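The block underneath contains the structure these notes are about, expressed in C-alpha cells.
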Amino acid sequence: MAVKPVVMALSRAGEEVAHRVAGALGAQLHGRAGRVERADAFFPDALEHARSLFAAGVPIVGVCASGILIRAVAPLLADKRTEPPVVSVSDDGAVVVPLLGGHRGANRLARRIAEALDGAAAVTTAGDVALGVSLDEPPEGWVLANPQDARGVMMALLSGARAHVDGEEAARADWLAPLDTAEPLGKGPVVDLICTTEPWPVEGPDTLLFHPQRMTLGVGCARGCPPEELEALVRQALEDAELAPGALKAVFTLDLKADEPAVLQLAARLGLPLRLFTVEELERETGRLENPSDVVFAEVGCHGVAEAAALAGGGPEAFLGTPKMKSKNATCALAFAPAPINELHGRARGRLSIVGIGPGQAAWRTPEASRLIMEAEELVGYGLYIDLLGPLAAGKPRKDFPLGGEEARCRYALEQAAKGRNVALICSGDAGIYAMGTLVFELLDRAPDAGGVSDAARRVEVIGAPGVSALQAAAARAGAPLGHDFCAISLSDLLTPREDILKRLRAAAEGDFVIAFYNPVSKRRRTLLAEARDILLAHRPADTPVLLAASLGRPEEELRYRHLADLQVDEVDMLTVVIVGSSQSRLAALGEGPRMYTPRGYARKMEGGENG
C-alpha cells in the first residue's frame, strides 16, 4: 500500500475504537460531522466520502457496519487487481473484516488491526484460511515472478496437492512454513514453490517462483548515455552473475543522475524504484570499493558511483557480488544484502504534481487528482484552494501563499521537491489554463542566473493532473455554448500588454469565435470588458447571448444571462466567467430553464443528405 489508510469513524459508539486503530496505523482519522467529536477531518456524507477515497486508491478502514462501505464502493468495483483495500471494524473492535483487496494488503491490514484491538480478523480468503498463507501476496522483501499461476497453484493445494519448497533461498522463506508443517489435504500431486535469486525456468502452471530481494543495483553513466546502452550493460551483468531481475530491490545512483533518461528508463523497464544518494554518502563507502577511482573523484566528488551506490543501497552488511562493469558511457555493479531487504536506503526522486482541482467541489475533482493529493507529503498553493480540499488536506503539511505570490509558490514547490519530497501544487480549475502549470515550466526553463531554480529542482519529476476548467463548468451548467469553435482570452493586463489583448479581441471577433473571458475585471481593471463588448458588437448581433457564471460548483453558484448589448461591467467580478456566444449561438427556453448552445452544423449536414 503506497498510500496510508484513512480511518473513518461514523458514530460516537465507534469513535474510541477508531482512535485506537488510527494510532496503531499512524493514519488520519476522518469523522462524520455532527456525530464524531474528535477527528483530523470531518465529512458530511459517509457514502460520498468513502467513494471519493476509494476512487483515489486510498485504503479505507471504516469503524462501521460492513454494509455501509459495500454500498459506498459498489458502483466503482471493476478490477480486484487494482482496487485498494477496504476493511470494516465493528464499533466495539471485536471483529475486523477485510471486505476488498484481500490479496492487496487488506488481510494483512485486518490482522494488524485485530492484534492492536485484541479482536478477531475475519479473513475469508480461501488460501489464508486453509493454507495459512497467501501465495500471491508474499511479504515485503519477496516477489512472485509468475503471479498469473498463483490462483491455479492455490486451488491445487486446496484440492489436496502437496507443496514442495525448494531452491537455494528456501531456508530464508520462513513465511512458507505453514505449507511445510500443515497436514496435506490429500495424496494428490506436488506443486513446487521455488525460492531463488537465480533465473529459474518455470515449466507448467504447477510451479511458483519466488525471488528474495537481496540484490541491489548501482549504476552510473555519462550525461546523455543512450538508454539501450545502460540497459544492455545491466542485463549482461545479471546474466553473467546468473541472477534474476526479480531479485533486485531497487536501482541506486548518485543524485546528480536523478533526471538522466537512461537511468529513469532502466528503472521503469525493470519495474523498480529509483533511489538516490548524495556525493558525501557515496564517498563514505570508499573503503568498501573494489575499484576506487581518482578520475571519478575529480569529476563528481566521490571515488565511485556504481559500486558505492550498490553497497549503500544494500546497507552496512552488504557485499559486492559483481564489481563495477563498464561500457563506453555506463557503469554498473551488484551487491548482496544478507537477507531480503525490507526498507529502502537513499531517498526517492522528488516529485512535483501540478494538480487542478476544478471549481472546488469533490464531485468535480478527478480520482487522479485526489490520489496525487493523498500521496503528497506537502501541499502548496493559495490557501483558499487548499481549504477546498476538505478532508483530503487534513493533517498534511501545507504552505499557503496569498494571491499575487504565484512565482514564490511555484519556486517553493520545486525547491521542496528538490529535497526528495512528494509535493502537490494545488490549483483551481485546470492547472494548465491561466494557472501555475506554465509558471512551473517557465522557472525550470530559465537559466539559474536569470531567476531560474536550483539544479536540484531541475532534476525533479513533474507531472500534471487535469481539472475541470471554469469554462467547461460554465458551459456544462448553461447547456452547450462551446459546441463550435471557441477561444479563451484573459482580460488581465498585469501579465499581458493591453494592446496584445485588444489585438486578440479583434481577431476573435472577426473570426466569430465563442469567447470565454477569464479575469474579466478587478477592483482596478474596469475598462477592458467594456471595450471587449464594443469590439464584439461590431461583428455580431446586439442580442448575442452572454453567460455570467459565478462561484461554479459551490453553494453560492449563480448563472445569469444577458444580451451582448446589455452587458454591464459592474455586474461582473473576479469570480465570474463570462462566455459570449458567436453569431450562431442561441438562448432557448427549454424544459427547466434557459439553455445556451452553439449549433455545430448538424442540421445543414442532414439537409445535404449526409448521415454517416
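The values are calculated or read from the model by the stated rules, or taken from the named source; none is laboratory data. Being a predicted model, the structure only gives us computed values, none of them experimental. Here the Cβ is made from the backbone with ideal geometry for all residues, glycine too, and neighbour counts use every protein chain on show.
Tabulated values for the structure
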item	result
Residues (hydrophobic (A, V, I, L, M, F, W, C), modelled with pLDDT under 95 and closer than 14 Å to Thr527 by Cα) located in the range 492-505	Leu494
Enumerated strands (runs of 3 or more DSSP E) restricted to the range 6-59, each holding at least 3 residues that are buried (at least 22 other Cβ atoms within 10 Å of the Cβ)	6-9, 28-32
Residues of the range 467-482 satisfying the condition of being surrounded by 19 or more Cβ atoms within 10 Å (Cβ to Cβ) and not hydroxyl-bearing (Ser, Thr, Tyr)	Gly467, Val468, Ala470, Leu471, Gln472, Ala473, Ala474, Ala475, Ala478, Gly479, Pro481, Leu482
Residue tally, condition among the β-branched types (Val, Ile, Thr) and assigned to a strand (DSSP E or B), over the range 230-255	2
Any pair with Cβ under 8 angstrom, 6 or more apart, that starts in the range 461-484 at a residue that is on the phi > 0 side of the Ramachandran plot and ends at one that is outside any loop (DSSP other than H, G, I, E, B) and hydroxyl-bearing (Ser, Thr, Tyr)	Gly479/Tyr597
Lone qualifier among Glu290, Glu285, Glu280, Glu377 - being in contact (Cβ under 8 Å) with a residue 24 or more places away in the chain and under 16 Å from Asp255 (Cβ atoms)	Glu285
Close pairs from the range 349-360: first in contact (Cβ under 8 Å) with a residue 12 or more places away in the chain and over 15 Å from Ile433 (Cβ atoms), partner among the polar types (S, T, N, Q) and surrounded by fewer than 24 Cβ atoms within 10 Å (Cβ to Cβ), Cβ under 6 Å, at least 6 apart	Arg351/Asn422
Tabulated pairs, the range 382-400, first farther than 12 Å from Ile357 by Cα, second of a type in the set (S, T, N, Q) and surrounded by fewer than 17 Cβ atoms within 10 Å (Cβ to Cβ), C-beta under 7 angstrom, 6+ apart or interchain	none
Unique residue being among the basic types (Lys, Arg), within 18 Å of Ala431 (Cα to Cα) and within 14 Å of the chain's Cα centre (by Cα) when the list is Arg365, Arg411	Arg365
Residue that is surrounded by the fewest Cβ atoms within 10 Å (Cβ to Cβ), among those in the range 553-584 that are in a loop (DSSP other than H, G, I, E, B) and among the small types (Gly, Ala, Ser)	Ser583
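A quick yes/no check of all residues on (1) farther than 25 Å from Arg586 by Cβ; (2) under 39 Å from the mean Cα position of the chain (by Cα):
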{"position": "Lys503", "(1), (2)": "yes, no"}
{"position": "Ala509", "(1), (2)": "no, no"}
{"position": "Phe513", "(1), (2)": "no, yes"}
{"position": "Asn519", "(1), (2)": "yes, yes"}
{"position": "Ser522", "(1), (2)": "yes, yes"}
{"position": "Arg526", "(1), (2)": "yes, no"}
{"position": "Thr544", "(1), (2)": "no, no"}
